[in-house]
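Participant: Below you will find the structure I want to go over with you.
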Amino acid sequence: MSLDKATVAKIAHLARIKVPDDELDHLAGELSQILTFVEQLGEVDTQDVPPMTSVAAQTLRRRKDEVTDGGYRDAVLSNGPETAEGFYVVPKVVE
Amino acid sequence: MTGLTHLTMAAALDGLAKKEFTAVELTEAHVKAVETIRPLNAFITETPEQALAMAKASDARRAKGEAGPMEGLPIAVKDLFCTKGVPTTAASHILDGFKPEYESTVTSNLWRDGAVMLGKVNLDEFAMGSANITSYHGNVVSPWSPGEAGNWSRQLVPGGSSGGSAAAVAARAALGATGTDTGGSIRQPAAFTGIVGIKPTYGRCSRWGVVAFASSLDQAGPMTRTVEDAAIMLRSMCGFDPKDSTSVDLPVPDFRAALTGDIRGLKVGIPKEYRVEGMPAEIAAIWDQGIEWLKQAGAEPVEISLPHTKYALATYYIVAPAEASSNLARYDGLRYGLRVEGASLKDMYENTRGAGFGKEVRRRILIGTYVLSAGYYDAYYNKARQVRTRIKWDFDEAFKQCDVILTPTAPSTAFAIGEKMDDPIQMYLNDVFTVPASLAGLPGMSVPAGVGSDGLPLGLQLLGRPFDEETVLRVGQVIEKAAAVTATPPFMA
Amino acid sequence: MSYIQGETGDWEIVIGLEVHAQVISNAKLFSGAATAFGAEPNSQVSFVDAAFPGMLPVINEHCIEQAVRTGLGLKAQINLHSVFDRKNYFYADLPQGYQISQYLQPIVGKGEIVLDLPDGSSRTVGVTRLHLEQDAGKSLHDQHPAKTYIDLNRSGVALMEIVSEPDMRTAEEAGAYVRKLRSILRYLGTCDGNMEEGSMRCDVNVSVRKPGAPFGTRCEIKNVNSIRFVMQAIEYEARRQIEIIEEGGKIDQETRLWDTTKFVTRSMRSKEEAHDYRYFPDPDLLPLELDPAWVEDIKRTLPELPDDKKARFISEYKLSPYDANVLVSEKARADFFEAVAKGRDPKLAANWVTGELFGYLNKAGKEIEESPVSAENLGGLIDLIADNTISGRIAKEVFEAMFETGEKPADIVEKKGLRQVTDTGAIESSIDAVLAANADKVAEFRSGKDKLFGFFVGQVMKATQGKANPALVNEILMTKLKG
């Protein structure tokens, strides 16, 4: 699979990563190379093979419905680049 | 007392128990060693004050007769483990200034058992790399690099992603270090720097508080200078954690007790598919040597087949980036770390993430985003998950015929910074022998087995059945003893 | 079928609903932080909810149980194997950069909801699925002119997304669907259904078509938070779409917002971009496996649900479907009625509950739980009618006093001297006085004008301030008039 510049720009946007225009070509080349490499998987017969989600051979463990966490607002906000009045703050979001 | 930094953990525990030295003395020697090895750029954050305070507390515990299994042992922590009040960077610009308000389960376990933290060591950014050249905090230099410190004639890589851990342990600045392994990030740098590194079975070590790269693959493990030390440290690191849904509720064995040296009658699988085309002669030779040592110790080599080995790398380079693209979505400049302002929220995201992630991380996020995106999910991601199942099945079959598997750890000795750098695929090939066990969630260990023609360390890898780290460690120690590698890095504390 | 009349003829609306119902639980779906409404911003947030590095989800078993209970209440298929997926997108109040949800393999499959329509008829709407997912945090846009404030208290709270088939054809049906679903959830105790506090929110899918034509392009109206708004939004949106199509335009599939001040739907700019959610199984979690015996245990503890209760009220108490509907719509109402009806005439009980009581409550803006008249006291009032202590008419007066004061009916009757007169002598003398004062009417009656009987009864009741026993009045009056 060969990716073009426009596709790379689209993926970059989907991943919310700003990529300077002049890097798009080079990046498209690298990504295409990786995709070409991984496409060898097409050779493997996977008919009726279940896709693996986890190697752990166990089922989902559950916890009790008890309040055991939270209640430490200062600790939650202490690393925030911008906070005010107990909130995280970001540029205005328009809905 | 520089000699203290050259001790093994086992010997240090002995000396502490016999009151030959105190934890404070042992720690002071290591704090100094950490300073000495600064030219390697192994540490991102040194925590000497905390180390000495912990050592003091350790001596007090020992005096009260409350010594833990790792009481007073100074270690380094890969900067992927969140440590309360100590900056945690994942070697990324995007975690600028981040100081966790919590402590990872694995490091908590180590402190519970008496270990002392020397600081946070360098790694590839978000553990993505095999040479420790993608860190925002700069490359780590292998202590095996020839030449004068800081003025190396050839700057060798320590391997990656746990490059800082490997360099610090090999250069005698820490008795051991935590590593994490997603596709070989403990085993490959261990091999490159001539130390021991074990990735336990997926689910053995809690992932809680470890910055995630690829959740279905990430496992923490110890990096030490001997197999016995690995057994000591692994025991403290693992254990069931109710905060990690993938943590396995099994008792933790006394791994050290498993080191009996007796491997008579054990069947050692030799996978024929690992004899890859173009394998350097000295790699093939050390592998054959390893088989010979085990045979001499009474084990029985059997040829096994892992037919999907050649697809492991491709599988890995779909699964890991896919998970990473999602795991790294939380770094958005909103709640912690770097923020690069923008006119809108979207601009803020794109500016922050554009500036915060390095090239390799960006590459993997983009690949991961692509293989999960509409129209490509089945062809790439789901296909890779199916192949992963087949790889797991291969191992299930193999372990019907053998008890442990022996392979080389890496396809070469350490290379120099600047080599293999332009071509991502070339770099990915470093993981060719380590990735299959990661995909299958199996325990794997690299043990020093000798040196190559360039005088650099060579490692052999042992893979075990799920939760059978004991056999891996036992066989590993047999190789360690047979190999009796005496070579040490030219640059040591 | 009710169609909308357009310029080019009839149009049919096609409606499907996605209801997000907040699960009643103490702690969040994947973290141990509290879920209580109205707490200080970010005070109920764990490092997991704020997606700090290295944090991991562990599922709350009660939330699973609540989802299964709800599935059983919707007569739906319970999937013993389900999977949690990550839905990836960036948003300020979505700390992980993904929402843990269920995509291809939800915990609950196909079920149904029976709508009780105002005309007494019912109609079955298919439920496509129910899945568990995390709620997002809250963005506050009005705190600062250039900034948005983020509160993550809600981040990670368990939601059930309940998706209907596109089976509804009118705004009324959609309203009835939400009402019925809310009623079932409340009966089950799995969601409080409080739409004002956001514990139940609707995404409404609306399209229009000519009757019999294939489905048209739909628009999704997000986060509508009252039943009235759901109905208004559908009406507006359907007319908007019809207008566009009739003018030769084409409907764009998009996400819209119900503007609660202008009463219009408008396009959501922030959701304009085409989404690619990149769902994949969450590698931090394993598949959820349910033990069939555990599901059976939950099934055994299900309460009687509105449909069954309604059927029972009709057969056991001989209530009309309409009354039964009104009574079962809320469990508290049904319980109240049953307490009143116990050992009494159920029809009388139903009349009093649905008539006087609901009327007064409605006027006072009170819920049944806040009723000043207890079921016991209303029962007592009915008993006083039955044993002839008071007449039905006086009872209404007593009820009014009960509603105002909360006092027992017997006390009010005593205090106000409302006890019914059953002394035949006293009644006879009242009747004699009335007959004497209306000799002309007596003559008319006796000459065949039977209808005047009511007039005499009225006069006698008036003379006794309504306290005379009506049966005695009738009997004695008839004897005297005929004599």
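Where a number appears in this text, it was derived from the coordinates with a stated rule and is not lab data. Quick caveat, the model's predicted, so the values are computed rather than measured. Ideal geometry is used to build each Cβ from the backbone, glycine not excepted, and the neighbour counts take in all protein chains shown.
Participant: Which value in nm describes the separation of the simple spin-label points at B:ALA53 and C:GLU196, placed 7 Å from the Cα toward the beta carbon?
Facilitator: 5.1
Participant: I've got another one for you. Just for the Cα atoms in chain B, what are the lengths along the principal axes, largest first, rounded to whole Å?
Facilitator: 64, 53, 49
Participant: Run lengths n ≥ 4 of DSSP H only: what is the helix-derived mean residue ellipticity at 222 nm for chain B, with -39500 (n - 2.57) per run over all residues, to the nearest 500?
Facilitator: Mean residue ellipticity, 222 nm, calculated: -11000 deg cm²/dmol.
Participant: How much FRET efficiency would the formula 1/(1 + (r/R0)^6) give for B:ASP262 and B:ALA17, where r is the Cβ-Cβ distance and R0 is 25 Å, rounded to 0.05?
Facilitator: E between B:ASP262 and B:ALA17, to the nearest 0.05, is 0.40.
Participant: Given Cβ point charges of +1 (Lys, Arg) and -1 (Asp, Glu) and nothing else, what value in debye, to the nearest 20, does the dipole of region C:237-359 about its Cα centre take?
Facilitator: Numbers: 20 positive and 26 negative charges, 138 e Å.
In total the dipole reaches around 660 debye.
Participant: Just to check, using Stokes-Einstein with a Kirkwood Rh over alpha carbon pairs, what's the diffusion coefficient of the protein assembly as shown at 37 °C and 0.692 mPa s in µm²/s?
Facilitator: 99
Participant: Also, I was wondering about something else. Over the Cα atoms of region C:235-357, each weighted equally, I'd like the Debye log10 I(q)/I(0) at q = 0.10, 0.17, 0.22 Å⁻¹, rounded to two decimals.
Facilitator: -0.76, -0.84, -1.17
Participant: How much length, in nm to one decimal, is gained on full extension between C:ARG344 and C:ILE314, taken as 0.36 nm per residue of separation minus their Cα-Cα distance? Mind showing how you got there, number by number?
Facilitator: Values: separation 30, 0.36 × 30 = 10.80 nm, distance 1.59 nm.
Stretched out fully, the C:ARG344 to C:ILE314 stretch lengthens by 9.2 nm.
Participant: What's the long-distance tail for chain A, i.e. % of Cα pairs beyond 20 Å?
Facilitator: I get 71 percent for the Cα pairs in chain A exceeding 20 Å.
Participant: Bin width 5 Å, origin at 0, all Cα-Cα pairs of region C:334-483: what percent of pairs per bin?
Facilitator: That works out to 2, 9, 18, 17, 14, 12, 10, 9, 6, 3, 1, 0, in percent per bin.
Participant: Sticking with this one: Among C:VAL434, C:PRO346, C:SER391, pick out the residue whose Cα is farthest towards the positive end of the charge dipole of region C:327-436, where Lys and Arg carry +1 and Asp and Glu carry -1 on C-beta, about the Cα centre.
Facilitator: So the residue we want is C:PRO346.
Participant: Over the whole of B:255-265, what's the average partner chain Cβ count within 10 Å per residue? Rounded to a whole number, please.
Facilitator: Mean partner shielding for this stretch: 0.
Participant: Now, a different point. Among B:13-25, B:152-164, what's the highest-first ranking by average C-beta atoms within 10 angstrom per residue?
Facilitator: Answer by packing, highest mean first, reads B:152-164, B:13-25.
Participant: How big is the charge dipole of the protein assembly as shown about its Cα centre, in debye rounded to the nearest 20, if each Lys and Arg gets +1 on its Cβ and each Asp and Glu gets -1 on its Cβ?
Facilitator: 1040
Participant: What FRET efficiency do you get for A:THR36 and A:LYS5 if R0 is 22 Å and r is their Cβ-Cβ distance, rounded to the nearest 0.05?
Facilitator: Efficiency, from the Cβ-Cβ distance: 0.85.
Participant: Would you list, by chain and number, the aspartates and glutamates whose Cα falls below 15 Å from the Cα of C:LYS87, excluding same-chain residues fewer than 8 positions away?
Facilitator: Candidates past the 8-residue exclusion: B:GLU323, C:GLU133, C:ASP135, C:GLU161, C:ASP276, C:ASP282, C:ASP284.
Participant: Next question, about the same structure. Between B:ALA285 and B:ALA416, how high is the FRET efficiency from 1/(1 + (r/R0)^6) when r is the Cβ-Cβ distance and R₀ = 25 Å? Nearest 0.05.
Facilitator: So, using R0 = 25 Å, E works out to roughly 0.65.
Participant: Which value in nm describes the separation of the simple spin-label points at C:VAL264 and C:ALA443, placed 7 Å from the Cα toward the beta carbon?
Facilitator: 7.6
Participant: Further question on the same structure: Quick query: amide H of C:THR265 versus all other amide H atoms, modeled in the peptide plane; which residues come in under 5 Å with a sequence gap of 5 or more or a different chain?
Facilitator: Here C:ASP259 satisfy the definition.
Participant: At 0.36 nm per residue, minus the direct Cα-Cα distance, what do C:GLN77 and C:LYS415 gain on full extension? Give it in nm, one decimal, please.
Facilitator: Once the chain is fully extended between C:GLN77 and C:LYS415, it gains 115.8 nm.
Participant: I've got another one for you. Once the convex hull of the C-alpha atoms of region B:1-108 is built, how many Å³ does it hold per residue, rounded to a whole number?
Facilitator: Spelled out: Cα convex hull of region B:1-108, divided by residues, is 107 Å³.
Participant: Measuring from label point to label point, each 7 Å out along Cα→Cβ, what is the C:ASN362 to C:LYS250 span in nm?
Facilitator: Going by the 7 Å Cα→Cβ label model, 4.9 nm.
Participant: For peptide B:371-383, what's the mean number of Cβ atoms from other chains within 10 Å of each residue's Cβ?
Facilitator: If you average over the peptide's residues, the count of other-chain Cβ atoms is 5.
Participant: Right, another one. Could you work out [θ]222 nm for chain C from helices alone, using -39500 (n - 2.57) per DSSP H run of at least four and dividing by all its residues? Round to the nearest 500 deg cm²/dmol.
Facilitator: Rounded to the nearest 500, the figure is -12000 deg cm²/dmol.
Participant: Over region C:1-84, what lengths in whole Å, largest first, do the semi-axes of the equivalent ellipsoid take, defined as the square roots of 5 times the eigenvalues of the alpha-carbon gyration tensor?
Facilitator: Semi-axes (√(5λ), whole Å): 38, 20, 13.
Participant: Tell me the GluC sites (Glu not before Pro) within region C:336-422 that lie in a loop according to DSSP and have at most 11 other beta-carbon atoms within 10 Å. Intermediate results must be reported in sequence, preceding the final value.
Facilitator: Working: sites: C:GLU338, C:GLU356, C:GLU367, C:GLU369, C:GLU370, C:GLU376, C:GLU397, C:GLU400, C:GLU404, C:GLU407, C:GLU414; in loops: C:GLU367, C:GLU407.
Here the sparse-neighbourhood loop sites are C:GLU367.
Participant: Let me ask something additional. Anything in chain B that counts as a DSSP H helix reaching 24 Å or more along its axis (C-alpha) with Kyte-Doolittle mean of at least 1.6? List them, would you?
Facilitator: For chain B, where a helix must reach 24 Å along its axis and average at least 1.6, there are no hits.
Participant: Which residues among region C:455-483 fall inside the zone where the amide N is under 14 Å from a point 7 Å beyond the Cα of C:SER429, along Cα→Cβ?
Facilitator: C:464
Participant: Could you grab the relative contact order for region C:389-461? Cα pairs under 8 Å, six or more apart, rounded to a whole percent. Write out the running numbers ahead of the final one.
Facilitator: Working: 30 pairs, mean separation 16.7, N = 73.
Reported as a whole number, the value is 23 percent.
Participant: Still on this structure, I have one more. Based on DSSP, what percent of beta bridges with both residues in the protein assembly as shown are antiparallel, to the nearest 5?
Facilitator: Values: 91 of 113 bridges.
About 80 percent, rounded to the nearest 5.
Participant: How big is D, in µm² s⁻¹, for region B:85-190 by Stokes-Einstein at 37 °C and 0.692 mPa s if Rh is the Kirkwood radius over C-alpha pairs?
Facilitator: Approximately 230 µm²/s, per Stokes-Einstein.
Participant: On a 0 to 90 degree scale, rounded to 10, what angle separates helix A:21-38 from the longest Cα axis of chain A?
Facilitator: Its long axis makes an angle of about 70 degrees.
Participant: To continue, here is another question. Of the cross-linked pairs C:LYS318/C:LYS342; C:LYS363/C:LYS467; C:LYS299/C:LYS342, which ones have a Cα-Cα span greater than 21 Å in the structure shown?
Facilitator: Cα-Cα > 21 Å for C:LYS363/C:LYS467; C:LYS299/C:LYS342; rest within.
Participant: Taking K and R as +1 and D and E as -1, what net charge do the other residues with C-beta under 15 Å from the C-beta of A:GLN47 add up to? Let's see the in-between values first.
Facilitator: Values: positive: B:LYS383, B:ARG385, B:ARG390; negative: A:GLU43, A:ASP45, A:ASP48, B:ASP378.
Overall, the nearby charge balance is -1.
Participant: Based on alpha-carbon atoms only, what is the radius of gyration of region C:424-482 relative to the globular estimate 2.2 N^0.38 Å? Write down the numbers at each step before the final one.
Facilitator: On the way: Rg = 10.3 Å, N = 59, 2.2 N^0.38 = 10.4 Å.
The value comes to 1.00.
Participant: Something else: Filter the GluC sites (Glu not before Pro) in region B:254-349 down to the DSSP loop ones having no more than 11 other Cβ atoms within 10 Å, then list what survives.
Facilitator: Those that pass, being in a loop and sparsely packed, are B:GLU277.
Participant: Relative to the present Cα-Cα distance, how much length would full extension add between C:GLU404 and C:THR217 at 0.36 nm per residue of separation?
Facilitator: Length difference between fully extended and current span is 61.9 nm.
Participant: Which whole-number percent of Cα pairs in region C:304-416 have a distance greater than 19 Å?
Facilitator: 41
Participant: Step through the table entries A:LYS64/B:LYS346; C:LYS309/C:LYS347; C:LYS347/C:LYS482; B:LYS243/B:LYS400; C:LYS180/C:LYS250; B:LYS310/B:LYS383, compare each Cα-Cα distance with 26 Å, and write down the pairs that go over it. All intermediate terms of the calculation are to be shown ahead of the outcome.
Facilitator: Values: A:LYS64/B:LYS346 38 Å; C:LYS309/C:LYS347 16 Å; C:LYS347/C:LYS482 35 Å; B:LYS243/B:LYS400 34 Å; C:LYS180/C:LYS250 34 Å; B:LYS310/B:LYS383 15 Å.
Beyond 26 Å between Cα atoms: A:LYS64/B:LYS346; C:LYS347/C:LYS482; B:LYS243/B:LYS400; C:LYS180/C:LYS250.
Participant: Using only the alpha carbons of chain C, determine the length spanned along each of the three principal axes and report them from longest to shortest in whole angstroms.
Facilitator: Principal extents (largest minus smallest coordinate, Cα): 96, 56, 50 Å.
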